[in-house]
Amino acid sequence: MTTPNRWLPVVGGVMMNMALGMFYGMSIFMLPLEKEFSWTRAQTSWVTTIGLALIAVWYVIAGFIQDRRGPRPVAVIGGLLFSLGFLLASRTRSLPMFYLTAGVIAGTGSGFGYVVPTSVGSKWFPDKRGLVIGLMVGGYGAGSGVFGPVASSLIQNVGWRSTFRILSVVFLVMTMVGAYLLRNPPAGYRPEGWDPSKARAAARGGADVQANQMVRTQTFWALWIAYCLGTTAGTMVISQLVPFARDAGHSAAVAAFALTVGAIGSASGRVLSGWISDHAGRLNTLRVMLLVSACAMPTLFLFRDNVVLFYGLLALVYYCYGTQLSVYASTSADFYGTKNVGFNFGLLLLPWGVAAILGPFLGGRVYVAPGEYRWAFFVAAALSVVALGVLFLARNPHAAPARSAHV
(Lines give C-alpha, C1' and ligand atoms only; values in the text may rest on other atoms or scores of the structure.)
Protein backbone atom coordinates (compact mmCIF):
# COMPACT_ATOMS: atom_id res chain seq x y z
CA MET A 1 0.00 0.00 0.00
CA THR A 2 1.40 3.41 -0.88
CA THR A 3 2.18 5.90 1.84
CA PRO A 4 -0.57 8.47 1.01
CA ASN A 5 -3.28 5.83 1.55
CA ARG A 6 -2.41 5.53 5.20
CA TRP A 7 -3.99 8.92 5.77
CA LEU A 8 -7.47 7.58 4.98
CA PRO A 9 -7.73 5.83 8.36
CA VAL A 10 -6.69 9.12 9.97
CA VAL A 11 -9.63 10.86 8.29
CA GLY A 12 -11.94 8.11 9.49
CA GLY A 13 -10.55 8.30 13.00
CA VAL A 14 -10.98 12.06 13.21
CA MET A 15 -14.59 11.81 11.99
CA MET A 16 -15.35 9.06 14.48
CA ASN A 17 -13.82 10.91 17.39
CA MET A 18 -15.38 14.27 16.56
CA ALA A 19 -18.81 12.70 16.90
CA LEU A 20 -17.93 10.78 20.07
CA GLY A 21 -16.26 13.86 21.53
CA MET A 22 -19.61 15.58 22.00
CA PHE A 23 -19.78 13.61 25.23
CA TYR A 24 -17.44 16.29 26.58
CA GLY A 25 -20.17 18.81 25.76
CA MET A 26 -22.85 17.07 27.80
CA SER A 27 -22.81 19.94 30.30
CA ILE A 28 -24.66 22.03 27.69
CA PHE A 29 -27.77 20.03 28.61
CA MET A 30 -27.41 20.46 32.38
CA LEU A 31 -29.15 23.79 32.89
CA PRO A 32 -32.28 23.05 30.79
CA LEU A 33 -32.63 19.65 32.46
CA GLU A 34 -32.17 21.14 35.93
CA LYS A 35 -34.74 23.78 35.12
CA GLU A 36 -37.35 21.34 33.80
CA PHE A 37 -36.94 18.58 36.39
CA SER A 38 -35.62 20.56 39.40
CA TRP A 39 -32.51 18.38 39.57
CA THR A 40 -29.45 19.53 41.50
CA ARG A 41 -25.98 20.17 40.11
CA ALA A 42 -24.60 17.14 41.94
CA GLN A 43 -27.29 14.95 40.34
CA THR A 44 -26.75 16.09 36.76
CA SER A 45 -22.96 15.85 37.17
CA TRP A 46 -23.25 12.10 37.60
CA VAL A 47 -24.06 11.55 33.93
CA THR A 48 -20.54 12.70 33.03
CA THR A 49 -19.07 10.53 35.77
CA ILE A 50 -20.97 7.45 34.59
CA GLY A 51 -20.17 8.02 30.94
CA LEU A 52 -16.46 8.71 31.30
CA ALA A 53 -15.99 5.79 33.69
CA LEU A 54 -17.71 3.45 31.23
CA ILE A 55 -15.64 4.78 28.34
CA ALA A 56 -12.54 3.66 30.22
CA VAL A 57 -13.99 0.27 31.16
CA TRP A 58 -15.35 -0.56 27.72
CA TYR A 59 -12.12 0.62 26.10
CA VAL A 60 -10.37 -2.35 27.71
CA ILE A 61 -12.98 -4.84 26.45
CA ALA A 62 -13.26 -3.23 23.03
CA GLY A 63 -9.47 -3.10 22.77
CA PHE A 64 -9.26 -6.83 23.46
CA ILE A 65 -11.84 -7.50 20.72
CA GLN A 66 -10.20 -5.11 18.28
CA ASP A 67 -6.77 -6.72 18.71
CA ARG A 68 -8.34 -10.01 17.56
CA ARG A 69 -11.19 -9.06 15.20
CA GLY A 70 -9.97 -5.83 13.65
CA PRO A 71 -11.13 -2.23 14.01
CA ARG A 72 -14.24 -2.00 11.84
CA PRO A 73 -16.73 -4.15 13.82
CA VAL A 74 -15.76 -2.42 17.04
CA ALA A 75 -16.13 1.02 15.45
CA VAL A 76 -19.58 0.15 14.09
CA ILE A 77 -20.79 -1.02 17.50
CA GLY A 78 -19.45 2.15 19.08
CA GLY A 79 -21.12 4.46 16.58
CA LEU A 80 -24.49 2.69 16.82
CA LEU A 81 -24.57 2.72 20.61
CA PHE A 82 -23.44 6.32 20.91
CA SER A 83 -26.10 7.53 18.47
CA LEU A 84 -28.73 5.38 20.17
CA GLY A 85 -27.84 6.87 23.55
CA PHE A 86 -28.47 10.39 22.26
CA LEU A 87 -31.71 9.35 20.60
CA LEU A 88 -33.09 7.69 23.73
CA ALA A 89 -31.92 10.59 25.91
CA SER A 90 -34.45 12.76 24.08
CA ARG A 91 -37.18 10.72 25.82
CA THR A 92 -35.83 11.37 29.32
CA ARG A 93 -38.51 11.59 31.99
CA SER A 94 -36.51 10.71 35.07
CA LEU A 95 -32.97 10.94 36.43
CA PRO A 96 -32.33 7.16 36.17
CA MET A 97 -33.41 7.24 32.53
CA PHE A 98 -31.04 10.13 31.83
CA TYR A 99 -28.20 8.20 33.47
CA LEU A 100 -29.03 5.08 31.44
CA THR A 101 -29.30 6.77 28.05
CA ALA A 102 -26.84 9.69 28.06
CA GLY A 103 -24.51 8.04 30.57
CA VAL A 104 -24.52 4.26 30.17
CA ILE A 105 -25.49 3.74 26.51
CA ALA A 106 -23.70 6.77 25.04
CA GLY A 107 -20.69 6.19 27.31
CA THR A 108 -20.46 2.54 26.25
CA GLY A 109 -20.63 3.54 22.60
CA SER A 110 -17.94 6.14 23.09
CA GLY A 111 -15.70 3.56 24.77
CA PHE A 112 -16.06 1.14 21.86
CA GLY A 113 -15.51 3.83 19.25
CA TYR A 114 -12.64 5.63 20.96
CA VAL A 115 -10.37 2.58 21.08
CA VAL A 116 -10.19 2.16 17.31
CA PRO A 117 -8.55 5.38 16.00
CA THR A 118 -5.80 5.28 18.64
CA SER A 119 -4.90 1.67 17.91
CA VAL A 120 -5.09 2.04 14.13
CA GLY A 121 -3.07 5.26 14.10
CA SER A 122 -0.26 3.77 16.18
CA LYS A 123 0.13 0.93 13.67
CA TRP A 124 0.05 3.01 10.48
CA PHE A 125 2.46 5.69 11.76
CA PRO A 126 5.36 4.29 13.81
CA ASP A 127 7.40 7.14 12.33
CA LYS A 128 5.01 9.91 13.46
CA ARG A 129 3.16 8.18 16.27
CA GLY A 130 2.83 11.12 18.64
CA LEU A 131 1.61 13.51 15.96
CA VAL A 132 -0.88 11.13 14.35
CA ILE A 133 -2.36 9.82 17.58
CA GLY A 134 -2.65 13.46 18.58
CA LEU A 135 -4.62 14.18 15.42
CA MET A 136 -6.86 11.17 16.03
CA VAL A 137 -7.71 11.93 19.63
CA GLY A 138 -7.67 15.64 18.83
CA GLY A 139 -10.87 14.99 16.93
CA TYR A 140 -12.41 13.80 20.19
CA GLY A 141 -11.30 16.94 21.97
CA ALA A 142 -12.61 19.13 19.15
CA GLY A 143 -16.02 17.47 19.02
CA SER A 144 -17.58 19.46 21.84
CA GLY A 145 -16.16 22.67 20.38
CA VAL A 146 -17.82 22.01 17.04
CA PHE A 147 -21.11 20.62 18.26
CA GLY A 148 -21.39 22.40 21.63
CA PRO A 149 -22.38 25.79 20.18
CA VAL A 150 -24.60 24.02 17.64
CA ALA A 151 -26.35 22.18 20.47
CA SER A 152 -26.69 25.42 22.47
CA SER A 153 -28.36 27.16 19.51
CA LEU A 154 -30.62 24.20 18.84
CA ILE A 155 -31.69 24.02 22.49
CA GLN A 156 -32.76 27.66 22.38
CA ASN A 157 -34.68 27.19 19.12
CA VAL A 158 -36.14 23.68 19.21
CA GLY A 159 -35.60 22.52 22.79
CA TRP A 160 -33.26 19.99 24.36
CA ARG A 161 -35.29 16.93 23.31
CA SER A 162 -35.17 17.75 19.60
CA THR A 163 -31.50 18.66 19.95
CA PHE A 164 -30.70 15.18 21.23
CA ARG A 165 -32.58 13.64 18.28
CA ILE A 166 -30.93 15.83 15.64
CA LEU A 167 -27.46 15.14 17.00
CA SER A 168 -28.13 11.40 17.11
CA VAL A 169 -28.72 11.34 13.34
CA VAL A 170 -25.65 13.47 12.61
CA PHE A 171 -23.46 11.27 14.79
CA LEU A 172 -24.77 8.07 13.23
CA VAL A 173 -23.73 9.24 9.76
CA MET A 174 -20.30 10.44 10.91
CA THR A 175 -19.44 7.30 12.86
CA MET A 176 -20.52 4.92 10.10
CA VAL A 177 -18.40 6.74 7.52
CA GLY A 178 -15.51 6.83 9.97
CA ALA A 179 -15.85 3.09 10.67
CA TYR A 180 -15.71 2.32 6.95
CA LEU A 181 -12.37 4.15 6.60
CA LEU A 182 -10.72 2.58 9.64
CA ARG A 183 -8.60 -0.50 8.97
CA ASN A 184 -5.29 -1.96 10.12
CA PRO A 185 -2.20 -1.98 7.87
CA PRO A 186 -1.22 -5.27 6.22
CA ALA A 187 1.06 -7.68 8.08
CA GLY A 188 4.69 -6.59 7.99
CA TYR A 189 3.78 -3.03 7.02
CA ARG A 190 6.51 -0.41 7.29
CA PRO A 191 6.25 3.19 6.01
CA GLU A 192 8.27 3.89 2.89
CA GLY A 193 11.77 5.04 3.71
CA TRP A 194 11.37 4.48 7.46
CA ASP A 195 14.25 2.84 9.30
CA PRO A 196 13.27 1.97 12.91
CA SER A 197 16.93 1.75 13.93
CA LYS A 198 17.24 5.48 13.22
CA ALA A 199 14.20 6.46 15.29
CA ARG A 200 14.77 9.27 17.75
CA ALA A 201 15.67 8.09 21.24
CA ALA A 202 12.89 10.31 22.58
CA ALA A 203 10.25 8.14 20.92
CA ARG A 204 12.03 4.82 20.57
CA GLY A 205 9.73 1.80 20.64
CA GLY A 206 10.46 -1.84 21.29
CA ALA A 207 9.13 -5.37 21.38
CA ASP A 208 5.49 -6.24 21.89
CA VAL A 209 4.68 -6.93 25.53
CA GLN A 210 1.82 -9.00 26.93
CA ALA A 211 -0.47 -7.38 29.48
CA ASN A 212 0.50 -9.83 32.21
CA GLN A 213 4.13 -8.73 31.82
CA MET A 214 3.26 -5.05 31.59
CA VAL A 215 1.35 -4.91 34.87
CA ARG A 216 4.35 -6.33 36.78
CA THR A 217 6.49 -3.27 36.08
CA GLN A 218 6.96 -0.19 38.26
CA THR A 219 6.69 2.04 35.21
CA PHE A 220 3.18 0.83 34.37
CA TRP A 221 1.88 1.65 37.85
CA ALA A 222 3.65 4.99 37.92
CA LEU A 223 1.97 5.87 34.62
CA TRP A 224 -1.37 4.54 35.94
CA ILE A 225 -1.36 6.66 39.10
CA ALA A 226 -0.05 9.78 37.36
CA TYR A 227 -2.65 9.45 34.61
CA CYS A 228 -5.44 9.16 37.18
CA LEU A 229 -4.43 12.15 39.27
CA GLY A 230 -3.36 14.31 36.34
CA THR A 231 -6.61 14.00 34.39
CA THR A 232 -8.82 14.63 37.42
CA ALA A 233 -8.37 18.37 36.89
CA GLY A 234 -9.64 18.10 33.33
CA THR A 235 -12.66 15.91 34.07
CA MET A 236 -13.68 18.25 36.88
CA VAL A 237 -13.74 21.27 34.57
CA ILE A 238 -15.39 19.31 31.73
CA SER A 239 -18.24 18.15 33.94
CA GLN A 240 -18.91 21.65 35.31
CA LEU A 241 -17.82 24.00 32.52
CA VAL A 242 -21.12 25.65 31.56
CA PRO A 243 -22.44 25.93 35.15
CA PHE A 244 -19.03 27.19 36.33
CA ALA A 245 -19.01 29.88 33.65
CA ARG A 246 -22.53 31.00 34.59
CA ASP A 247 -21.65 30.96 38.30
CA ALA A 248 -18.72 33.27 37.48
CA GLY A 249 -21.24 35.81 36.14
CA HIS A 250 -20.86 35.14 32.42
CA SER A 251 -23.77 35.05 29.99
CA ALA A 252 -25.20 31.94 28.36
CA ALA A 253 -23.43 32.87 25.12
CA VAL A 254 -20.06 33.22 26.87
CA ALA A 255 -20.63 29.91 28.66
CA ALA A 256 -21.52 28.15 25.42
CA PHE A 257 -18.47 29.55 23.64
CA ALA A 258 -16.35 28.28 26.52
CA LEU A 259 -17.03 24.79 25.15
CA THR A 260 -15.40 25.84 21.89
CA VAL A 261 -12.45 27.43 23.67
CA GLY A 262 -11.96 24.33 25.79
CA ALA A 263 -12.22 22.08 22.78
CA ILE A 264 -9.64 24.14 20.88
CA GLY A 265 -7.32 23.91 23.86
CA SER A 266 -7.83 20.17 24.26
CA ALA A 267 -7.42 19.44 20.55
CA SER A 268 -4.31 21.65 20.39
CA GLY A 269 -2.77 19.82 23.33
CA ARG A 270 -3.41 16.44 21.77
CA VAL A 271 -1.91 17.37 18.41
CA LEU A 272 0.86 19.82 19.31
CA SER A 273 2.05 18.00 22.41
CA GLY A 274 1.87 14.73 20.51
CA TRP A 275 4.26 16.21 17.96
CA ILE A 276 6.46 17.68 20.69
CA SER A 277 6.67 14.30 22.42
CA ASP A 278 8.06 12.77 19.20
CA HIS A 279 11.06 15.07 19.68
CA ALA A 280 11.32 15.91 23.39
CA GLY A 281 10.16 12.56 24.78
CA ARG A 282 6.82 11.28 26.07
CA LEU A 283 7.64 11.50 29.77
CA ASN A 284 9.29 14.91 29.55
CA THR A 285 6.23 16.31 27.75
CA LEU A 286 3.85 14.87 30.35
CA ARG A 287 5.88 16.24 33.26
CA VAL A 288 5.91 19.77 31.89
CA MET A 289 2.16 19.71 31.24
CA LEU A 290 1.40 18.50 34.77
CA LEU A 291 3.41 21.39 36.18
CA VAL A 292 1.57 23.87 33.96
CA SER A 293 -1.79 22.35 34.93
CA ALA A 294 -0.99 22.69 38.64
CA CYS A 295 -0.42 26.41 38.12
CA ALA A 296 -3.30 27.02 35.72
CA MET A 297 -6.11 25.45 37.76
CA PRO A 298 -6.18 27.84 40.74
CA THR A 299 -5.34 30.77 38.48
CA LEU A 300 -8.42 30.00 36.37
CA PHE A 301 -10.61 30.18 39.45
CA LEU A 302 -9.06 33.39 40.75
CA PHE A 303 -9.47 35.23 37.41
CA ARG A 304 -12.74 33.60 36.35
CA ASP A 305 -14.71 36.86 36.20
CA ASN A 306 -12.48 38.39 33.49
CA VAL A 307 -13.73 36.94 30.23
CA VAL A 308 -10.39 37.23 28.40
CA LEU A 309 -8.41 35.59 31.19
CA PHE A 310 -11.21 33.07 31.68
CA TYR A 311 -10.97 31.93 28.07
CA GLY A 312 -7.16 31.97 28.01
CA LEU A 313 -6.70 30.00 31.23
CA LEU A 314 -9.51 27.63 30.30
CA ALA A 315 -7.76 26.84 27.02
CA LEU A 316 -4.53 26.21 28.95
CA VAL A 317 -6.21 23.81 31.39
CA TYR A 318 -7.80 21.93 28.50
CA TYR A 319 -4.47 21.92 26.64
CA CYS A 320 -2.80 20.15 29.57
CA TYR A 321 -5.67 17.71 29.81
CA GLY A 322 -5.65 16.97 26.08
CA THR A 323 -1.90 16.42 26.17
CA GLN A 324 -2.35 13.54 28.59
CA LEU A 325 -5.02 11.82 26.48
CA SER A 326 -2.69 11.93 23.49
CA VAL A 327 0.77 11.34 24.91
CA TYR A 328 -0.17 8.49 27.25
CA ALA A 329 -1.54 6.62 24.21
CA SER A 330 1.74 7.11 22.35
CA THR A 331 3.66 6.16 25.48
CA SER A 332 1.78 2.86 25.73
CA ALA A 333 2.58 1.97 22.11
CA ASP A 334 6.25 2.94 22.54
CA PHE A 335 6.78 1.13 25.83
CA TYR A 336 4.71 -2.01 25.20
CA GLY A 337 4.44 -2.40 21.40
CA THR A 338 1.51 -2.19 18.96
CA LYS A 339 0.44 -5.83 18.65
CA ASN A 340 -1.68 -5.65 21.83
CA VAL A 341 -2.00 -1.89 22.00
CA GLY A 342 -5.81 -1.94 22.18
CA PHE A 343 -5.90 -4.03 25.35
CA ASN A 344 -2.67 -2.70 26.86
CA PHE A 345 -3.63 0.94 26.49
CA GLY A 346 -7.12 0.03 27.69
CA LEU A 347 -5.58 -1.00 31.01
CA LEU A 348 -3.62 2.24 31.08
CA LEU A 349 -6.80 4.19 30.29
CA LEU A 350 -8.66 2.81 33.32
CA PRO A 351 -7.24 5.53 35.60
CA TRP A 352 -8.92 8.07 33.32
CA GLY A 353 -12.17 6.32 34.28
CA VAL A 354 -11.27 6.75 37.94
CA ALA A 355 -10.58 10.42 37.22
CA ALA A 356 -14.05 10.61 35.68
CA ILE A 357 -15.39 9.81 39.14
CA LEU A 358 -13.02 12.03 41.11
CA GLY A 359 -13.31 15.10 38.84
CA PRO A 360 -17.10 15.50 38.72
CA PHE A 361 -17.25 14.62 42.44
CA LEU A 362 -14.89 17.48 43.19
CA GLY A 363 -16.84 19.85 40.97
CA GLY A 364 -20.36 18.84 41.98
CA ARG A 365 -20.04 17.93 45.65
CA VAL A 366 -17.56 20.62 46.61
CA TYR A 367 -19.77 23.20 44.87
CA VAL A 368 -22.84 22.15 46.84
CA ALA A 369 -21.13 22.55 50.24
CA PRO A 370 -19.81 26.17 50.13
CA GLY A 371 -21.71 27.23 47.00
CA GLU A 372 -18.55 27.88 44.96
CA TYR A 373 -15.84 25.98 43.11
CA ARG A 374 -12.77 27.37 44.92
CA TRP A 375 -11.60 24.25 46.74
CA ALA A 376 -12.32 22.01 43.77
CA PHE A 377 -9.73 23.92 41.71
CA PHE A 378 -7.13 24.02 44.47
CA VAL A 379 -7.46 20.30 45.23
CA ALA A 380 -7.20 19.50 41.51
CA ALA A 381 -3.98 21.52 41.35
CA ALA A 382 -2.56 19.59 44.30
CA LEU A 383 -3.37 16.30 42.58
CA SER A 384 -1.43 17.47 39.51
CA VAL A 385 1.60 18.09 41.70
CA VAL A 386 1.38 14.60 43.17
CA ALA A 387 1.03 13.15 39.65
CA LEU A 388 4.17 15.00 38.60
CA GLY A 389 6.12 13.47 41.45
CA VAL A 390 4.89 9.96 40.70
CA LEU A 391 5.74 10.29 37.01
CA PHE A 392 9.44 10.65 37.86
CA LEU A 393 9.33 6.95 38.81
CA ALA A 394 8.52 5.95 35.20
CA ARG A 395 11.21 4.96 32.69
CA ASN A 396 11.09 4.04 28.99
CA PRO A 397 12.13 0.35 29.01
CA HIS A 398 13.40 0.61 25.41
CA ALA A 399 15.36 3.84 25.70
CA ALA A 400 19.02 3.60 24.82
CA PRO A 401 21.10 3.29 28.00
CA ALA A 402 23.30 6.20 28.93
CA ARG A 403 26.86 5.89 27.64
CA SER A 404 29.39 5.05 30.29
CA ALA A 405 32.04 7.62 31.12
CA HIS A 406 34.66 4.84 30.90
CA VAL A 407 33.91 3.98 27.27
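Numbers at a glance
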| quantity | calculated |
| --- | --- |
| Every residue from the stretch 116-130 that is in a helix (DSSP H, G or I) and in contact with a Phe, Trp or Tyr (Cβ under 9 Å, 6 or more places away or on another chain) | P117, T118, S119, S122, K123, W124, G130 |
| Condition check for V237: of a type outside the set (D, E, K, R) and open to solvent by 10 Å² or more (accessible area, probe 1.4 Å) | no |
| Qualifying residue in the stretch 131-146 (condition: free of Cβ contacts under 8 Å to residues at least 60 places away in the same chain and assigned to a helix (DSSP H, G or I)) | no |
| Restricting the stretch 276-304 to residues that are open to solvent by less than 10 Å² (accessible area, probe 1.4 Å) and of a type in the set (A, V, I, L, M), the residue that is nearest to V254 (Cα to Cα) | L300 |
| Near pairs, Cβ below 6 angstrom, 6+ apart or cross-chain, from the stretch 210-222 (open to solvent by less than 20 Å² (accessible area, probe 1.4 Å)) to any residue that is β-branched (V, I, T) | A222/V390 |
| Matching residues, the stretch 179-227, being among the aromatic types (F, W, Y) and modelled with pLDDT under 85 | Y189, W194 |
| Filtered residue count, the stretch 91-111, keeping only those that are part of a helix (DSSP H, G or I) and either open to solvent by 20 Å² or more (accessible area, probe 1.4 Å) or among the acidic types (D, E) (or both) | 7 |
| The stretch 337-357: number of residues that are open to solvent by less than 10 Å² (accessible area, probe 1.4 Å) and hydroxyl-bearing (S, T, Y) | 0 |
| Pair list, Cβ < 7 Å and 6+ apart or interchain, from the stretch 97-122 residues that are touching a residue at least 40 places away in the same chain (Cβ under 8 Å) to residues that are open to solvent by less than 10 Å² (accessible area, probe 1.4 Å) and among the polar types (S, T, N, Q) | F98/T92; G113/T175; Y114/N17; V115/Q66; V116/Q66; P117/N17; S119/Q66 |
| Long-range neighbours under 6 Å by Cβ, at least six apart or interchain, first residue in contact (Cβ under 8 Å) with a residue 24 or more places away in the chain within the stretch 149-168, second assigned to a helix (DSSP H, G or I) and among the aromatic types (F, W, Y) | W160/F29; F164/F86; L167/F86; S168/F86 |
| Long-range neighbours under 7 Å by Cβ, at least six apart or interchain, first residue in a helix (DSSP H, G or I) and surrounded by 23 or more Cβ atoms within 10 Å (Cβ to Cβ) within the stretch 3-17, second among the polar types (S, T, N, Q) and modelled with pLDDT of 90 or more | M16/T175 |
| Output for the stretch 18-41, where each listed residue is open to solvent by less than 30 Å² (accessible area, probe 1.4 Å) and closer than 19 Å to T92 by Cβ | M22, F23, G25, M26, S27, I28, F29, M30, L33, E34 |
| Test: L80 is in a helix (DSSP H, G or I) and surrounded by fewer than 24 Cβ atoms within 10 Å (Cβ to Cβ) | yes |
| Every residue from the stretch 305-326 that is open to solvent by less than 40 Å² (accessible area, probe 1.4 Å) and among the β-branched types (V, I, T) | V317, T323 |
| Residue in the stretch 57-72 that is at pLDDT 90 or above, open to solvent by less than 10 Å² (accessible area, probe 1.4 Å) and aliphatic (A, V, I, L, M) present | no |
| Meets criteria (on the phi < 0 side of the Ramachandran plot, at pLDDT below 85 and either within 21 Å of the chain's Cα centre (by Cα) or open to solvent by less than 40 Å² (accessible area, probe 1.4 Å) (or both)) for G139 | yes |
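The values are calculated or read from the model by the stated rules, or taken from the named source; none is laboratory data. Computed from a prediction, not measured in an experiment: that's the story for all the values here. Using ideal geometry, Cβ is built from the backbone for each residue, glycine included, and neighbour counts are taken over all protein chains shown. For the accessible areas, the whole protein counts, side chains as well, though only heavy atoms, and no ligand, DNA or RNA atoms are used. Shrake-Rupley method; radii C 1.70, N 1.55, O 1.52, S 1.80 Å.
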